[in-house]
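Just so you know, all these numbers are worked out from the coordinates, no wet-lab data involved. If you're wondering where the values come from, they're calculated on a predicted model, not measured in any experiment. Glycine also receives a Cβ, built like all others from the backbone with ideal geometry; neighbour counts cover every protein chain displayed.
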């Protein structure tokens with residue numbers, strides 16, 4: 001919808017009021033953005049994308065009018081949002097931002113318990129299972145819940161009579177705090193599921209706040225319901241019946257979105273990898289840090305995980321990460337929006353820049369572009385400017401193209417010299433287009449093992465490189481990428497064994 005103004009809006013503070021009358025039915029299945037779920041104690045209603053939003057006007061494209069048709073997500077502008085939800089008085093209502101009239105809608109007991117939760121690192125029940133279907137105010141048939149969300153790109157809300165409600169304090173690195181809260185039906189209670197939701201939300205937000213920049217909303221609410229996983233500022237909708245590691249992933253992934261794209265406002269409509277891919281990387285980081293690595297898949301990184309990862313990356317498709325999601329083949333969307341960007345960021349961190357430089361660069365990017373609208377090239381430039389390294393070869397091969405990796409050992413010579421040592425030559429081929437540093441693990445006859453990293457610059461003019469060096473004893477085995485950090489097209493040509501010692 002386009003609105004033509006009767007006169008120009010004044011610059012630097014000009015205001016206009018637009019009133020739009022609209023209505024819609026909240027269906028049970030709202031394309032995994034909204035929905036309703038029937039429980040034995042009443043319906044759970046989750047509502048997102050529920051009011052008209054103005055298109056973003058940026059300094060790259062002007063008005064961004066690309067419509068939402070279900071694959072690429074959302075590109076929204078920042079502002080302050082006041083909103084009110086009027087509902088029957090037996091419902092609890094949760095929403096993005098701060099509840100501004102708690103004394104009008106909460107019981108005295110709930111208010112007291114909330115104050116306890118704000119001081120507690122352990123989960124505190126605000127409404128117990130025994131209090132489900134409790135009337136919030138017996139003197140009124142309806143209550144109006146008022147919320148305010150500051151400097152936000154969206155708001156969402158949920159309501160139900162069936163909710164159990166618990167909460168705990170989130171400790172932020174700037175000395176401030178927020179409040180993690182969860183609302184779920186009695187059917188979702190369990191130590192491997194929603195009974196740990198607030199713990200998961202608290203841990204996720206505290207970890208990412210330390211790693212990047214502090215969380216910005218007064219509350220972080222997880223709602224159990226029909227939506228299988230959807231993020232909004234300060235509130236997330238997660239599947240009511242997820243369990244175990246899948247449940248941890250759902251909670252941690254959706255809350256991670258409060259940095260990308262809620263705080264750093266990338267254009268998800270065109271570059272969904274800057275949203276999902278970044279957040280998949282944060283999942284990898286959180287898996288390692290939460291509760292001493294309780295969900296760290298890297299601890300058990302085996303051949304099956306390598307093959308699962310590689311099937312998403314080693315495709316013959318000519319589609320690249322930078323392809324717009326609406327025109328990407330559906331069979332490639334998960335790989336291009338989620339998996340391949342995550343692996344690329346992991347390679348940058350673990351193999352190209354090192355953890356210290358990459359972590360600093362990602363934090364620098366988040367600080368530079370919070371409440372703004374970066375393009376992929378702004379991200380590329382931030383990483384290069386902070387790290388002090390040109391990475392055009394990496395951006396081109398991994399993001400702009402779909403170049404593959406296949407590093408191979410074609411020949412090894414280990415020849416005794418006159419000084420009772422050995423002259424060694426390892427010949428390495430780059431059989432595909434993607435250049436990367438070569439990680440070599442070399443084993444010797446005396447039992448010694450050493451690792452050497454050959455920089456990516458060896459491929460500037462060559463597809464074959466010979467690594468010459470001396471050693472005190474003869475080589476028995478050589479392996480490229482021994483930890484399988486790269487999604488290599490053929491691991492069989494990554495190893496060499498001296499036939500004399502077989």
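The fewest-to-most ranking of 120, 252 by surrounding Cβ atoms within 10 Å reads 120, 252.
Over the chain, Cα pairs under 8 Å with separation of 6+ residues give a relative contact order of 11 percent. Residues 63, 145 in ascending order of nearby Cβ atoms (within 10 Å, fewest first): 63, 145. Computed from Cα atoms, the angle from the helix 197-211 axis to the main principal axis of the chain rounds to 60 degrees. In terms of overall dimensions, the C-alpha atoms belonging to the stretch 420-482 reach 37, 22, 16 Å along their principal axes, ordered largest to smallest. At q = 0.10, 0.17 Å⁻¹ the log10 of I(q)/I(0) for the stretch 316-400 amounts to -0.27, -0.75, computed by Debye summation with a single uniform scatterer per C-alpha, solvent ignored. Alpha-carbon geometry of the stretch 29-269: the Rg and the Dmax are 17.2, 55 Å, given in that order. Scaling the Cα radius of gyration of the stretch 112-235 by the globular reference 2.2 N^0.38 Å produces a ratio of 1.08.
Would you please classify the overall shape of the stretch 385-425 from the alpha carbon gyration tensor, given that a ≥ b ≥ c denote the square roots of the eigenvalues, rounded means a/c under 1.5, and beyond that prolate means a/b larger than b/c while oblate covers the rest? Since a/c reaches 1.5 but b/c is at least a/b, the shape of the stretch 385-425 is classed as oblate.
Note down the relative contact order for the stretch 316-400 as a percent, whole number, built from C-alpha pairs under 8 angstrom at least six residues apart.
Numbers: 45 pairs, mean separation 30.0, N = 85.
This gives 35 percent for the stretch 316-400.
Calculated FRET efficiency, residue 465 and residue 495, Cβ-Cβ r, R0 22 Å, to nearest 0.05?
Approximately 0.80, to the nearest 0.05.
By the Kirkwood approach, averaging reciprocal distances over each pair of separate Cα atoms, the stretch 158-215 gets a hydrodynamic radius of 12.3 Å. By the gyration tensor of its Cα atoms, with a ≥ b ≥ c the square roots of the eigenvalues, what is the shape of the stretch 375-502: rounded for a/c under 1.5, prolate for a/b over b/c, or oblate? Prolate, because a/c is 1.5 or more and a/b exceeds b/c.
Here the contact order of the stretch 407-501, divided by its residue count and restricted to Cα pairs under 8 Å and six or more residues apart, works out to 33 percent. Out of every Cα-Cα pair that the stretch 170-277 contains, those further apart than 19 angstrom amount to 40 percent.
Want the number for residue 32 to residue 138: 0.36 nm per residue separation, take away the alpha-carbon distance, what's left?
Extending this stretch completely gives an extra 34.8 nm.
Average projection, convex hull of the Cα set of the chain: 28.6 square nanometres.
Can you bin the stretch 1-73 into rounded, prolate or oblate? Criterion: square roots of the alpha carbon gyration tensor eigenvalues sorted a ≥ b ≥ c, rounded for a/c under 1.5, prolate for a/b above b/c, oblate for the rest. Please list the in-between numbers first.
Numbers: a/c = 3.27, a/b = 2.06, b/c = 1.59.
Here the stretch 1-73 falls in the prolate category.
Put in order of Cβ neighbour count within 10 Å, fewest first, the listed residues 219, 27 become 27, 219.
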